[in-house]
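Worksheet: one structure, shown below.
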Amino acid sequence: MTQTSEAIRDAYRPVRPGFLETLRDTASEIATRRRLILYLVRADLKKRGADTVLGNVWWILDPLLTMLVYVLLISIILRTDIPAYPLFVFCAILPWKWFSSSVADAVTCITTRERIIKQVNFPKVVLPMAAAAGGVASFTFGLIPLFAMLVLLYRDHLTIWVLALPAVALVQFVFTLGVALLAAAITVFYRDVGNVAGHVLRIWFYLSPALYGADQIARLTAGQPAIGVVYHLNPFATLFESYRDLIYDGHAPDWLALGLVLLASFLLLVVATVVFRRLEPAFAKVI
Amino acid sequence: MADAIDVRTLGVRYNLRLTRKNTVRESFKNLARRREGPGHFWALRDVSFRVPPGESLAVIGPNGAGKSTLLQVLAGILLPDEGAIEVNGRISSLLTLGAGFDAELSGRDNILLAGAFMGIPHADMVARMPGIIDFADLGQFIDAPIKTYSSGMNARLGFSIATAVEPDVLLLDEVLGTGDATFRAKSQARVVELMKAARAIVLVTHDMSWAREFCNHAILLEGGNVVAAGEPDDVVLVHEERSEIRRAGGQPDRLPPIVDRGLEAVGSARGGAAAAS
């Protein structure tokens, strides 16, 4: 190697974009590729409906059947004393389906697109974006059986507060997107994440106040307030409670707690975006 | 006028510890092995060349020389680990036959999806849709899911999409033989048409007649280095002689890498000298 080539190398050494630049670039990429995200979500929806007799009806049936399982188990066999248990548990199943399906999709979204990633230059961030957005669609469809239940069976639970659902959903979206970005990027380097994700999600669900109320946890941990604080480090403790405040109890959610979750979710999203962008150049080499 | 493509001391490094389906367990094993040998290898190193507007460059070389990696860098799929590249104009790579297809979607939907992956504006894609459908010649299948297609139909649709937009800089990677004889003739005519329209072309090929016929410069890549550069006829000659030695089971003499910038710096004399040795 000649000295001159060493000098030329130094002159053209690639520079890594800074923190704010990374965020700005990502935002503009998402803006210019929003149609690609839309297509990916639509393709995903079409695919799930395709080849089944009931097609898109599954979007409505799916959360209902899950609800039925828990109602059978908790309400009938274990005889819980929570009134209107089907509605109670549905308030948690609906947002959880969104979160868990988004994360499950995000885990595989990069690795299953190996061919196109190696052959076309496009911002990979659209893939986990689409995974997170696809979950929104399932959530939206799930609102149909929710309102049907409220109107037909639990009219006394129906209040004006259901109109505040988008606010809670927005907080959940920010959190979901952050988790999706991280999960997608890390899975490329450690395929184990794919195996672990399912189990983590299941434990996460049971540790969150989904099948039971947060007040039951409060009763259990009456003597140790520290455990209650730790319990609420789980964003889904706050999220499930907020959904339930609006749908089941018909009153305002704990806006402060929700605000804190939103803040934490934004921080997570920023960190996840930067991590994703730092790892992104290596995707085409590693997968 | 600015060069269509300007590549300066380009280096692309693969981290051997990270590549290929890693698990945590393997990482630990790798950690233990860390001291043994280099953990990376250079797929390309010190590659410098430029393609002025209106010119076309043939990239030839044995398998594993780094030809496809070079195209991936030019297409922006891989980032340089060393050096810099500059590509002026809209790039289109024909690396992409059917890569973005979604088997469940119809041909029509896949055209839009592929266009969105390639970053072609929606209005453009809609305007080109009839032309694409016409060229792919799939009949009613255009509205059927891609999974019902034969592999030939798949490739035809992929080719039609990839060649639908006239790029300023065209990257070609051995996509010249697609489908049946009729379609192959049609697609070759299309490629020639695109090559005439493009401001610059980089063609990776094992077909030396293409390199001679369509390119006015050539580089020979071996082991990630440019080892010969100049007139296509001369470079092809060097490559063919070295291939001949390899076929006979021998190992041709190592050529020193050319690290100088620009094609004009290396004439055919270099190729001739190498061929003589």
Restricting attention to region A:260-278, which residues are surrounded by 19 or more Cβ atoms within 10 Å (Cβ to Cβ) and within 14 Å of another protein chain (Cβ to nearest Cβ)? A:ARG277
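Yes/no per residue for (1) touching a Gly at 6+ places or on another chain (Cβ under 9 Å); (2) within 10 Å of chain A (Cβ to nearest Cβ); (3) not charged (D, E, K, R):
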position: B:PHE49; (1), (2), (3): yes, no, yes
position: B:ALA65; (1), (2), (3): yes, no, yes
position: B:ALA75; (1), (2), (3): no, yes, yes
position: B:ASP81; (1), (2), (3): yes, yes, no
position: B:ASN110; (1), (2), (3): yes, yes, yes
position: B:PHE117; (1), (2), (3): yes, yes, yes
Give me a count of the residues in region A:198-228 that are touching a Ser or Thr at 6+ places or on another chain (Cβ under 8 Å) and either modelled with pLDDT of 90 or more or within 14 Å of another protein chain (Cβ to nearest Cβ) (or both). 3
Being closer than 20 Å to B:ILE91 by Cβ and not aromatic (Phe, Trp, Tyr): is that true of B:PRO130 here? no
Is it the case, given these coordinates, that A:PHE147 is of a type outside the set (D, E, K, R) and closer than 24 Å to A:GLY178 by Cα? no
Take B:MET125 and tell me if it is more than 11 Å from chain A (Cβ to nearest Cβ) and aliphatic (A, V, I, L, M). no
Every residue in region B:166-182 that is crowded, with 17+ Cβ neighbours inside 10 Å, part of a loop (DSSP other than H, G, I, E, B) and modelled with pLDDT of 80 or more, please. B:PRO167
Flag if A:VAL174 is buried (at least 16 other Cβ atoms within 10 Å of the Cβ), in contact with a Pro (Cβ under 7 Å, 6 or more places away or on another chain) and among the β-branched types (Val, Ile, Thr): no
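The values are calculated or read from the model by the stated rules, or taken from the named source; none is laboratory data. Remember, predicted model here, so these are calculated numbers, not experimental data. A quick note on method: Cβ atoms are made from the backbone with ideal geometry, for glycine too, and the neighbour counts reach across all protein chains shown.
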